[in-house]
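Asker: Can you read through this structure? Questions will come right after.
The values are calculated or read from the model by the stated rules, or taken from the named source; none is laboratory data. Because the structure is a prediction, the values reported are computed rather than measured. Heads up, the Cβs are rebuilt from the backbone with ideal geometry, glycines too, and the neighbour counts pull from every protein chain shown.
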Amino acid sequence: MADERMRVAVVYGGRSGEHEVSVESARSVLEAIDRSKYDVLPVRITHEGMWAAIAPDALLNEADPVRWILPSAEPLVSDLTAVQGGRRALASLSQQVDVVFPLVHGTYGEDGCLQGLLELANLPYVGASVLASAVGMDKIIMKSVFQASGLPVVEYIGILRSEWEHSPATVTEAIADRLGFPCFVKPSNLGSSVGISKVRARVELPAALNFAAEFSSRIIAERGIDAREIECGVLGNDQAAASVVGEVAPARDFYDYAAKYMDTETRFDIPARLDEETIRQVRDLSLRAFAAVGASGMARVDFFVDRDSGKVFINEINTIPGFTSMSVYPRLWAASGVQYAELIDRLIQLAIERHADMARNRTRYAD
């Protein structure tokens, strides 16, 4: 392929509360990707699960792409338009593109579902594998894996929605006794702070649990601590590297959805104003968390640093972090010397590298 541009499908949208965030990530990638090296095919998954090919520059020019599907007349994508469930879409993609760049945040995109489809289609793709995606997406499983790996996490309780609905008094008592207040209640398998509530008193628990239960059948409650919110990017496969460390200073009470995507007063300090030992610890823990879940390609690892004790806790790992040019992950790498277009290029190359390594695995026991 020395004289040919690589064909990259950017898959975005999805059946998730993070659909709109995903659209913005895709738009940023399309704006920055090196068109002299890559032919780009945007593929949108709607809220209803329909797959639609988009004319390459349409997403950049359309004021409201979230509500819009344009079938492309170009031969490259004509078979992809509006295919329910993506079955024909994946068959067509496997013949027409060289690598997939998944930017579907949250449910059905970041949790291993999309990765599984791409594995079945034998397509190289950017980011974590099925296993790492699934573990990283479910906060209860993720924290269990971190604990088993000796990584520090804030005390938490996992709750089933059915458990809350059938035994609300028992759940309320357990949270109050074990975690106290304030605490945070979240859907276990959603990102972008969707469905999260800060609970300051016992009387607020029912509303918070009901709200989280709207988004997931699994809920997590975590002890609230007075902490600084610290983030670190990881880039690579088996030999991954950690970025400089950044700090989020939300204008609101905590870093909720509005603070992340709407509040212009939320501040990002990159690099973070931390002592050298804490920075070293955060970067080391980032790589250990990345390895613990078996991640590859990219991840953003989020931390709490207790304001009183200085103790560092891992909050979570995000295997498809926000990817607009102004999102934290690309900004962390820009501060580390890897600019946005180069970051996209590196991730595509890492995807090809990991796919080639997986191709070494025997798929037949005897011939």
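Asker: Of all the helices (runs of 4 or more DSSP H) wholly in region 100-156, which have at least 1 residues that are aliphatic (A, V, I, L, M) and either free of Cβ contacts under 8 Å to residues at least 24 places away in the same chain or closer than 17 Å to residue 287 by Cα (or both)?
Answerer: The helices (runs of 4 or more DSSP H) meeting that bar are 130-137, 139-148.
Asker: If you take the residues in region 123-171 that are surrounded by fewer than 17 Cβ atoms within 10 Å (Cβ to Cβ) and small (Gly, Ala, Ser), which one is nearest to residue 354 (Cα to Cα)?
Answerer: 149
Asker: Something else about it: Please find, among 6, 1, the residue that is under 26 Å from residue 339 (Cα atoms), modelled with pLDDT under 80 and over 20 Å from the mean Cα position of the chain (by Cα).
Answerer: The unique qualifying residue is 1.
Asker: Report the residue count in region 318-347 for those that are under 21 Å from residue 129 (Cβ atoms) and either among the polar types (S, T, N, Q) or within 14 Å of the chain's Cα centre (by Cα) (or both).
Answerer: Result for region 318-347: 7.
Asker: Examine region 12-24 for a residue that is touching a residue at least 24 places away in the same chain (Cβ under 8 Å), under 18 Å from residue 127 (Cα atoms), out of contact with any Lys or Arg (no Cβ under 9 Å at 6 or more places or on another chain) and of a type in the set (A, V, I, L, M, F, W, C), and state whether such a residue exists.
Answerer: no
Asker: Follow-up question, since we're still on this one. For residue 267, are the conditions met, namely being farther than 18 Å from residue 336 by Cβ and modelled with pLDDT of 95 or more?
Answerer: So residue 267 does not fit the description; no.
Asker: Moving on. Can you tell me which residue is nearest to residue 266 (Cα to Cα) among those in region 329-354 that are part of a loop (DSSP other than H, G, I, E, B) and in contact (Cβ under 8 Å) with a residue 24 or more places away in the chain?
Answerer: Once the filter is applied, the top-ranked residue is 336.
Asker: Please indicate, with yes or no, whether at least one residue in region 298-321 is farther than 18 Å from residue 110 by Cβ, touching a Lys or Arg at 6+ places or on another chain (Cβ under 6 Å) and outside any helix (DSSP H, G or I).
Answerer: So far as region 298-321 goes, yes, one or more of its residues are farther than 18 Å from residue 110 by Cβ, touching a Lys or Arg at 6+ places or on another chain (Cβ under 6 Å) and outside any helix (DSSP H, G or I).
Asker: Right, here's the next one. Could you tell me which residue of region 188-226 is nearest to the chain's Cα centre (by Cα), considering only residues that are among the aliphatic types (A, V, I, L, M) and in a loop (DSSP other than H, G, I, E, B)? Steps first, answer last, please.
Answerer: Just the residues of region 188-226 that are among the aliphatic types (A, V, I, L, M), to begin with: 190, 194, 196, 199, 201, 203, 205, 207-209, 212-213, 219-221, 225.
Going one step further and asking which of them are in a loop (DSSP other than H, G, I, E, B), we end up with 190, 194, 196, 201, 225.
Working: 190: 9, 194: 13, 196: 16, 201: 31, 225: 24 Å.
If we take residues in region 188-226 being among the aliphatic types (A, V, I, L, M) and in a loop (DSSP other than H, G, I, E, B), then 190 is nearest to the chain's Cα centre (by Cα).
Asker: Would you confirm whether any residue within region 303-318 is of a type outside the set (A, V, I, L, M) and free of Cβ contacts under 8 Å to residues at least 12 places away in the same chain?
Answerer: Yes, some residue in region 303-318 is of a type outside the set (A, V, I, L, M) and free of Cβ contacts under 8 Å to residues at least 12 places away in the same chain.
Asker: Inspect region 273-285 for any residue being buried (at least 21 other Cβ atoms within 10 Å of the Cβ), under 27 Å from residue 351 (Cβ atoms) and at pLDDT 95 or above and give the result as yes or no.
Answerer: So far as region 273-285 goes, yes, one or more of its residues are buried (at least 21 other Cβ atoms within 10 Å of the Cβ), under 27 Å from residue 351 (Cβ atoms) and at pLDDT 95 or above.
Asker: If you go through region 160-181 one residue at a time, do you hit one that is touching a residue at least 24 places away in the same chain (Cβ under 8 Å), closer than 22 Å to residue 313 by Cα, β-branched (Val, Ile, Thr) and in a helix (DSSP H, G or I)?
Answerer: Among the residues of region 160-181, at least one is touching a residue at least 24 places away in the same chain (Cβ under 8 Å), closer than 22 Å to residue 313 by Cα, β-branched (Val, Ile, Thr) and in a helix (DSSP H, G or I), which makes the answer yes.
Asker: Please tell me if residue 341 is farther than 29 Å from residue 226 by Cβ, surrounded by fewer than 19 Cβ atoms within 10 Å (Cβ to Cβ), out of contact with any Ser or Thr (no Cβ under 8 Å at 6 or more places or on another chain) and hydrophobic (A, V, I, L, M, F, W, C).
Answerer: For residue 341, the condition - farther than 29 Å from residue 226 by Cβ, surrounded by fewer than 19 Cβ atoms within 10 Å (Cβ to Cβ), out of contact with any Ser or Thr (no Cβ under 8 Å at 6 or more places or on another chain) and hydrophobic (A, V, I, L, M, F, W, C) - is met.
Every residue, every condition in (1) surrounded by fewer than 16 Cβ atoms within 10 Å (Cβ to Cβ); (2) within 22 Å of residue 309 (Cα to Cα); (3) outside the structural domain of residue 321 (by TED's automatic domain parsing); (4) not hydrophobic (A, V, I, L, M, F, W, C), yes or no:
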site: 178; (1), (2), (3), (4): yes, yes, yes, yes
site: 186; (1), (2), (3), (4): no, no, yes, yes
site: 201; (1), (2), (3), (4): yes, no, yes, no
site: 207; (1), (2), (3), (4): yes, no, yes, no
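Asker: Let me ask you something else. Sort out which residues of region 27-82 are of a type outside the set (A, V, I, L, M, F, W, C), modelled with pLDDT under 90, over 20 Å from residue 114 (Cα atoms) and surrounded by 18 or more Cβ atoms within 10 Å (Cβ to Cβ), and write them in order of number.
Answerer: Those that are of a type outside the set (A, V, I, L, M, F, W, C), modelled with pLDDT under 90, over 20 Å from residue 114 (Cα atoms) and surrounded by 18 or more Cβ atoms within 10 Å (Cβ to Cβ): 56, 65, 72.
Asker: Right, next: Test residue 181 against the stated conditions and say whether it is among the aromatic types (Phe, Trp, Tyr) and more than 21 Å from residue 134 (Cα to Cα).
Answerer: So residue 181 passes the test.
Asker: Could I ask something else about it? For residue 326, are the conditions met, namely being of a type in the set (A, V, I, L, M, F, W, C) and in a loop (DSSP other than H, G, I, E, B)?
Answerer: Yes, satisfied.
Asker: Is it true that some residue in region 355-364 is part of a helix (DSSP H, G or I), touching a Leu at 6+ places or on another chain (Cβ under 7 Å) and surrounded by fewer than 22 Cβ atoms within 10 Å (Cβ to Cβ)?
Answerer: No, every residue in region 355-364 fails to be part of a helix (DSSP H, G or I), touching a Leu at 6+ places or on another chain (Cβ under 7 Å) and surrounded by fewer than 22 Cβ atoms within 10 Å (Cβ to Cβ).
Asker: Aliphatic (A, V, I, L, M), at pLDDT below 95, over 24 Å from residue 237 (Cβ atoms) and surrounded by 20 or more Cβ atoms within 10 Å (Cβ to Cβ): does that describe residue 194?
Answerer: Spelling it out, residue 194 is indeed aliphatic (A, V, I, L, M), at pLDDT below 95, over 24 Å from residue 237 (Cβ atoms) and surrounded by 20 or more Cβ atoms within 10 Å (Cβ to Cβ).
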